[in-house]
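A short write-up of the structure that comes next.
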Amino acid sequence: MDLPHGSSVSINGARLVDRINELAQIGAIDGTRGCSRLAFSDADLEGRDLVVTWMRDLGLTVTIDAVGNVIASTSSDGAAGAVMTGSHIDTVGTGGRYDGNLGVLAGLEVIEATLAAGIDLQRPLAVAFFSNEEGSRYPPDMMGSLAYVGGMSVESVLEVKGADGTVVGQELERIGYRGPAPCPGAVPHAYVELHIEQGPVLDRAGLSIGVVEGVQGISWTELLLTGQSNHAGTTPMTLRRDPMAVAAAVTVAARDIALELGGTQVATVGSLTLHPNLVNVVPAHVTMTIDLRNTDEEALQFAERDLEKRTAQLAKAEGVEVKSRTLARFEPVEFDSRVVDQIEQLATTRGLSTKRMPSGAGHDAQMLARICPTGMIFVPSVDGISHNPAEHTDEQDLIIGTQLLADTLLALTEVTW
Ligand code: HGY
Ligand code: MN
Ligand code: MN
């Protein structure tokens, strides 16, 4: 489907990069390029206020819903029937400046360039940032967009307790982003998200654009392992009930399962807390998280069952009690082939090198795919580094990705499904 003549716009790359760099100053991690803006923190509030100011300066209709999702639209009807883009501006605690932020600021740039060009839009354009995409302070990840599409009730979002003991509803009130707009939100005509790949594929192959076909399944589990606290010096090894010994074996088991399964299976133990966490005390209990992912739902379920079985055996042998809690569980998602094809065709029209690929990371797009035709565009991450202050994407790639986003969004304003 060719872009009707004159319905694309030239984005302003310098303005885009300036905004990315200005937002990155909020929660900047000293001595690095990265930033830390955990969901609903003071830094998140500051970042939200800056982006909302930019949205309002463009004369957009800005709405804030009950879980803090912010939607800015060229129409006073908000996202209803709009071609929507967006992502998130919260980061992990040791985040980079592009994860999520690029998608939101690229969307803002596309709308600004479109308004300046005076294009007569057949459908409204909207850009959103969704609350708590990262999920690292308050699980699950993609919490805001999950609520936006009706996958999690507002009530259950507001009562989620974080590892730091705070509660989402109270934090939302505190930062003033518990808004009046309805959640679940309006159904867009389509949703396209621009994001850094966060992996090594495009960078290694020297390709410009990832045409994302879907997102892999995600399984987050928290284990509470309870043994017997004891003296490190006087307790014979045969009399111990050491939860840390089980935690270490479970960590190796998770890795073994991923290596045995192969394919896209990955396994990560990302957080581990011992109590009382003292050099000369056999721990009383250990809390740990396990992140399993796979593009294939059956394989992911096999990995979950296998790890659960091995954990039970290891704990039994050590006389340790296991309690487990699911923090997040999303099946693999496939994007709408019409949107995927459109992205690929427009990238080819621009002579860009492309590769069809799944997303290893979770994204808000996987939630919007539940309610409207959805797709994603990836740009390369240098050395595949992300969730790390050293995360980097070359300016040229940021601009190319944003220009392709503009082409795609405008093309979709002319499409009737
Ligand atoms: O966990 C993820 O994949 C995303 O960064 N929230
Ligand atoms: Mn992200
Ligand atoms: Mn992320």
On the given criteria, is Thr408 hydroxyl-bearing (Ser, Thr, Tyr), part of a helix (DSSP H, G or I) and surrounded by fewer than 18 Cβ atoms within 10 Å (Cβ to Cβ)?
no
I'd like the residue in region 357-381 that is away from ligand 3 (no atom under 15 Å from the Cβ), in contact with a Ser or Thr (Cβ under 8 Å, 6 or more places away or on another chain) and not aliphatic (A, V, I, L, M) and, out of all such residues, is farthest from Gln403 (Cα to Cα).
Pro358
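Specify the residue that is farthest from ligand 1 (Cβ to nearest atom); the eligible residues are those in region 319-367 that are among the basic types (Lys, Arg) and in a strand (DSSP E or B).
Per the criteria, the residue is Lys323.
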Residues satisfying the stated conditions in region 284-299, i.e. of a type outside the set (S, T, N, Q) and either within 16 Å of ligand 2 (Cβ to nearest atom) or surrounded by fewer than 23 Cβ atoms within 10 Å (Cβ to Cβ) (or both)
Ala284, His285, Asp291, Arg293, Asp296, Glu297, Glu298, Ala299
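So which residues in region 44-87 are without any contact (Cβ under 8 Å) to a residue 24 or more places away in the chain and among the small types (Gly, Ala, Ser)?
Ser76
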Residue list for region 199-229, filter: of a type in the set (Asp, Glu) and within 16 Å of ligand 2 (Cβ to nearest atom)
none
Val62: in contact with a helix residue (DSSP H, G or I) (Cβ under 6 Å, 6 or more places away or on another chain), of a type outside the set (Lys, Arg), away from ligand 2 (no atom under 16 Å from the Cβ) and closer than 24 Å to Ile26 by Cβ, yes or no?
yes
Within region 383-398, the residues that are in a helix (DSSP H, G or I) and either within 19 Å of the chain's Cα centre (by Cα) or surrounded by fewer than 22 Cβ atoms within 10 Å (Cβ to Cβ) (or both) are Asp383, Gly384, Glu395, Gln396, Leu398
Those strands (runs of 3 or more DSSP E) completely within region 197-278 that have 1 or more residues that are under 20 Å from the mean Cα position of the chain (by Cα) and surrounded by fewer than 21 Cβ atoms within 10 Å (Cβ to Cβ) are 209-215, 217-226, 266-268
Answer yes or no: is there a residue in region 52-61 that is touching a strand residue (DSSP E or B) at 6+ places or on another chain (Cβ under 9 Å) and in a strand (DSSP E or B).
yes
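Yes or no, residue by residue, for (1) more than 16 Å from ligand 3 (Cβ to nearest atom); (2) crowded, with 21+ Cβ neighbours inside 10 Å:
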site	(1), (2)
Leu60	yes, yes
Thr85	yes, yes
Gly96	no, yes
Val104	no, yes
Glu109	yes, yes
Ala116	yes, no
Leu125	yes, yes
Phe129	no, yes
Arg137	no, yes
Under the condition of being part of a loop (DSSP other than H, G, I, E, B) and more than 16 Å from ligand 1 (Cβ to nearest atom), which residue from region 106-137 is nearest to the chain's Cα centre (by Cα)?
Pro124
Could you give me the residue pairs with C-beta distances under 6 Å whose first residue belongs to region 204-231 and is more than 30 Å from Thr287 (Cα to Cα), whose second residue is of a type in the set (Gly, Ala, Ser) and buried (at least 18 other Cβ atoms within 10 Å of the Cβ) wherever it lies, and which are 6+ apart or on separate chains?
Ile209/Ala347; Val212/Ser359
Name, by its number, the condition in (1) within 28 Å of Met152 (Cβ to Cβ); (2) of a type in the set (Val, Ile, Thr); (3) under 20 Å from the mean Cα position of the chain (by Cα); (4) surrounded by fewer than 24 Cβ atoms within 10 Å (Cβ to Cβ) that does not hold for Ile71.
(4)
The one condition in (1) touching a Leu at 6+ places or on another chain (Cβ under 6 Å); (2) within 14 Å of Val67 (Cα to Cα); (3) assigned to a helix (DSSP H, G or I) that Gly103 fails to fulfil:
(2)
Going through region 282-311 in order, the residues found to be assigned to a strand (DSSP E or B) and within 16 Å of ligand 1 (Cβ to nearest atom) are Thr289, Ile290, Asp291, Leu292, Arg293, Asn294
Before we move on, is Glu112 farther than 16 Å from Thr374 by Cα, of a type in the set (Asp, Glu) and out of contact with any Leu (no Cβ under 6 Å at 6 or more places or on another chain)?
no
Check off (1) at pLDDT 95 or above; (2) in a loop (DSSP other than H, G, I, E, B); (3) away from ligand 3 (no atom under 16 Å from the Cβ) for Thr32 and give me the number that stays unchecked.
(1)
Restricting attention to region 300-307, does a residue exist that is among the aromatic types (Phe, Trp, Tyr) and touching a strand residue (DSSP E or B) at 6+ places or on another chain (Cβ under 6 Å)?
no
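Examine region 146-159 for a residue that is charged (D, E, K, R) and more than 16 Å from ligand 3 (Cβ to nearest atom), and state whether such a residue exists.
Yes, because at least one residue in region 146-159 is charged (D, E, K, R) and more than 16 Å from ligand 3 (Cβ to nearest atom).
The values are calculated or read from the model by the stated rules, or taken from the named source; none is laboratory data. Remember, predicted model here, so these are calculated numbers, not experimental data. So basically every Cβ, Gly included, is an ideal-geometry build from the backbone, and we count neighbours across all protein chains shown.
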